[in-house]
């Protein structure tokens, strides 16, 4: 009887492993967001890895994680490595392609919780002078562990939810930068007007007669 049960369990395991092997060999996750900010402002938040702390959905999962930045800033070859708790794991992002205000390609290499490599892309399309449509996507190959993980978890829903949080935060940061620049421009214009008004007032003021020489 015990032998039959063992053989039955073994058969189930074989069937299950066979099912896992038939899972898709690749995956694609994509989310689209429209931000009320020019593409140049949005792109600036993406190409600078140091700026990710303000909007990345994973930064807040481990505020004490170790970070390391290498390579030329805001250029192909710029990289950002992190090492944190179980929620963020360990890995490296490296910019592989950069088209200012239009496209940023990133190679994403995970080391923990399990090793994998994926390609992340940001595509920006101006939908008006002050609006940008952002597409954030990830593509990768499913090795056996990835296929096994996909049996129990909806990868698109899990990563997609993080993407949505990140894009919402990116929207807030970008729109705040738009407001900051508008406030700065307004303050500078007010300063110019005030200086011009003061200069005009001084020009219209009556001239004081020069003191007479001698007794």
Per the filter on region 121-154, residues closer than 25 Å to residue 42 by Cβ, at pLDDT below 95 and surrounded by 16 or more Cβ atoms within 10 Å (Cβ to Cβ) are 138, 140
Within region 155-186, of all residues that are in contact with a helix residue (DSSP H, G or I) (Cβ under 9 Å, 6 or more places away or on another chain) and at pLDDT below 90, the one nearest to residue 123 (Cα to Cα) is 155
Across region 161-172, the tally of residues that are crowded, with 17+ Cβ neighbours inside 10 Å, within 16 Å of residue 38 (Cβ to Cβ) and out of contact with any strand residue (DSSP E or B) (no Cβ under 8 Å at 6 or more places or on another chain) stands at 0
*asked:* Kindly evaluate residue 67 against the criterion of being under 16 Å from residue 169 (Cα atoms) and either touching a strand residue (DSSP E or B) at 6+ places or on another chain (Cβ under 9 Å) or free of Cβ contacts under 8 Å to residues at least 12 places away in the same chain (or both).
replied: no
The correct count of residues that are surrounded by fewer than 16 Cβ atoms within 10 Å (Cβ to Cβ) and either assigned to a loop (DSSP other than H, G, I, E, B) or out of contact with any helix residue (DSSP H, G or I) (no Cβ under 9 Å at 6 or more places or on another chain) (or both) in region 61-82 is 12
Among the residues of region 107-118, are any in a strand (DSSP E or B), at pLDDT below 90, surrounded by 15 or more Cβ atoms within 10 Å (Cβ to Cβ) and in contact with a strand residue (DSSP E or B) (Cβ under 8 Å, 6 or more places away or on another chain)? yes
Of the residues in region 36-60 that are farther than 25 Å from residue 88 by Cβ and touching a helix residue (DSSP H, G or I) at 6+ places or on another chain (Cβ under 9 Å), the one that is surrounded by the fewest Cβ atoms within 10 Å (Cβ to Cβ) is 36
All-but-one check, residue 37 against (1) assigned to a loop (DSSP other than H, G, I, E, B); (2) closer than 20 Å to residue 159 by Cβ, failing number (2)
Those residues of region 83-103 which are touching a strand residue (DSSP E or B) at 6+ places or on another chain (Cβ under 7 Å) and closer than 23 Å to residue 42 by Cα amount to 92, 93, 94, 95, 96, 97, 98, 101, 102, 103
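The values are calculated or read from the model by the stated rules, or taken from the named source; none is laboratory data. Since the model is a prediction, treat every value here as computed from it, not as a measurement. Note: ideal-geometry Cβ built from the backbone for every residue, glycine included; neighbour counts use all protein chains shown.
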